[in-house]
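I have placed the structure first, in the form of structure tokens, so that the comments after it can refer back to it.
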Amino acid sequence: MSLNTATGARAAEKIELIIDTDPGADDVVALLFALASPDELNIRALTTVAGNVRLDKTSRNARLAREWAGREDVPVYAGAPKPLMRTPIYAEDIHGKEGLSGITVHEPRPGLADGSAVTYLIDTLMTAEPHSITVAMLGPQTNLALALIQQPKIVQGIKQVVVMGGAHFNGGNITPVAEFNLFADPHAAEVVLKSGVRLTYLPLDVTHKILTSESRLRQIAALDNTASKLVCAILNEYIKGDMEHYGIAGGPVHDATVIAYLLKPGLFSGRTVNVVVDSREGPTFGQTIVDWYDTLKAPKNAFWVESGDAQGFFDLLTERLARLK
Ligand code: RIB
Ligand code: CA
């Protein structure tokens, strides 16, 4: 805690944060959300991974989000172009060929930082104060897994890892049981799950309870700034797939729930459980198996978020987008 000399209030320490991401429509909303919150989040870097689209496009889109937020101070490091072991899959059908349906993309001026995301993660986490850095994972967990494999001691620098991924009560979105980020690289998720880091999952169980609606999109549109226009254009396209697939009146903004969790964890609830991921070929490939009732009495290795305040989420997102241009 630090003391605000003006008010004498005790402000919470900033969260030292690395965001690993595969932008991706909901990733970009999450990045704008985070980049608009410098009072709480000291974003050390964005690290990119192949996932929704190929690495060159996720890396460009991360730089676009940075530009739109006016935050070219944050470096972007490109990471893994493919999963640890499985054949790569992408989600261009959902996110579009450029990874950002609904808007016209361009090549942002500031380029990528030198060096790979994996090297950046290792160097940063090895030299960080003990358990001081939070890593938000918004895509396949390949970069962090590679860093852990190459240098397991990086756990010393990690405060917690907060993952958008997995599904238990909700069922999957890429197969009947698997969620995309886990399905895209289950071996990487297994490495992270077994690393012993403090781990929080925001799975489809919660993201599918935090859905857009016409009034929530109007709330964002009413800001009438560049950021809100971008977010509405992105979301209006992005939610179409889920609305049609599930027959629902709105769509999830998966990755942005990770940022809301970091900013206002009280919006969410969950339980510490044992989670394993199935990396065997077959119908349950990429499934997260969650021992919600502690049946197996296995070691609990993750906090599994299964519920959230939807309106509270959209109010917070809107309030932060209002701070951007
Ligand atoms: O299943 C949703 C997740 O997969 C989100 O992170 C989305 O961006 C895609 O990567
Ligand atoms: Ca993502």
Heavy-atom accessible surface of segment 18-105: percent carbon and sulfur, 1.4 Å: 49
Candidates 58, 104, 226, ranked by Gaussian network fluctuation over the chain, Cα under 10 Å, top entry: 104
Nonlocal amide H pairs with residue 287, under 5 Å, H built at 1.01 Å: 278
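Remind me, relative contact order of segment 24-130 in percent, using alpha carbon pairs under 8 angstrom and six or more residues apart? Walk me through the intermediate numbers first.
On the way: 148 pairs, mean separation 33.4, N = 107.
It comes to 31 percent, rounded to a whole number.
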Share antiparallel - DSSP beta bridges, the chain, percent rounded to 5: 35
Distance between segment 108-129 and segment 203-243 - C-alpha centres, whole angstrom: 31
Placed amide H near residue 161: partners under 5 Å, 5+ positions off or other chain: 135, 198, 199, 200
Residue 272 long-range amide H proximity, modeled H, under 5 Å: 304
Most mobile of 142, 47, 200 in a GNM of the chain (Cα contacts under 10 Å): 200
Under the Karplus curve 6.51 cos²θ - 1.76 cosθ + 1.60, θ = phi - 60°, whole-Hz ³J(HN,Hα) for segment 182-194, x wherever Gly or Pro sits: 6, 5, 6, 7, x, 5, 5, 4, 4, 4, 5, 4, 8
Quarter of Cα convex hull surface for segment 176-221, i.e. mean projection, nm²: 5.0
Most mobile of 205, 278, 291 in a GNM of the chain (Cα contacts under 10 Å): 291
Shape metrics for segment 283-325, restricted to C-alpha atoms - Rg then Dmax, Å: 17.5, 51
Largest-first ordering by accessible area, 1.4 Å probe, given options 68, 304: 68, 304
Accessible area of residue 245 in the full protein assembly, 1.4 Å probe (Å², nearest 10): 130
Global geometry of segment 41-197, whether rounded, prolate or oblate, following the gyration tensor of its Cα atoms and the 1.5 cut on a/c: oblate
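Quick check: with the 1.4 Å probe, what order do 279, 37 take by accessible area, largest first? Mind dumping the intermediate values first?
Values: 279 30, 37 0 Å².
Result of the area sort, largest leading: 279, 37.
So what are segment 219-306's ellipsoid semi-axes, whole angstrom, largest first, if each one is the square root of 5 times an eigenvalue of the alpha-carbon gyration tensor?
Over the Cα atoms of segment 219-306, the semi-axes work out to 33, 19, 11 Å.
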Note, ³J(HN,Hα) from phi for segment 117-134, Karplus 6.51, -1.76, 1.60, rounded to Hz, x at Gly and Pro: 4, 5, 5, 4, 4, 5, 4, 5, 6, 6, 9, 6, 4, x, 6, 10, 10, 8
Prolate/oblate/rounded label for segment 199-262 (Cα gyration tensor, a/c 1.5): oblate
Computed over segment 260-303, the ratio Rg/Rh where both radii use C-alpha atoms and Rh is Kirkwood: 1.10
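How do 57, 229 stack up against each other in accessible area, from largest to smallest, with a 1.4 angstrom probe? All intermediate terms of the calculation are to be shown ahead of the outcome.
Numbers: 57 45, 229 120 Å².
Listed by decreasing accessible area, they come as 229, 57.
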Under the Debye formula (equal points on every Cα, no solvent term), log10 I(q)/I(0) of the chain at q = 0.07, 0.09, 0.10 Å⁻¹: -0.24, -0.41, -0.51
Accessible area in square angstrom per residue, the chain, 1.4 angstrom probe: 41
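Taking every pair of distinct Cα atoms and averaging 1/r, then inverting, what Kirkwood hydrodynamic radius in Å comes out for segment 117-271?
Values: mean 1/r = 0.0591 Å⁻¹.
Answer for segment 117-271: a Kirkwood hydrodynamic radius of 16.9 Å.
Using the Cα gyration tensor of segment 100-166, with a ≥ b ≥ c the square roots of its eigenvalues, what is the shape: rounded (a/c below 1.5), prolate (a/b larger than b/c) or oblate (neither)?
Details: a/c = 2.33, a/b = 1.64, b/c = 1.42.
Prolate shape, in that a/c is at least 1.5 and a/b is the bigger ratio.
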Loop-exposed GluC sites (Glu not before Pro) per DSSP, neighbour cap 16 Cβ within 10 angstrom, longest uninterrupted part of the chain: 99-280
³J(HN,Hα), Karplus 6.51/-1.76/1.60, whole Hz, each residue of segment 231-244, x for Gly, Pro: 4, 5, 5, 5, 5, 4, 7, 4, 7, 4, x, 5, 4, 6
Cα convex hull of segment 64-104, projected area averaged across orientations, nm²: 4.1
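The values are calculated or read from the model by the stated rules, or taken from the named source; none is laboratory data. Treat the numbers as computed from the prediction; the structure is a model and nothing was measured. As a convention, Cβ positions derive from the backbone with ideal geometry for all residues, glycine included, and neighbour counts pool all protein chains shown. For accessibility, only protein heavy atoms count, side chains too; no ligands or nucleic acids. Shrake-Rupley method; radii C 1.70, N 1.55, O 1.52, S 1.80 Å.
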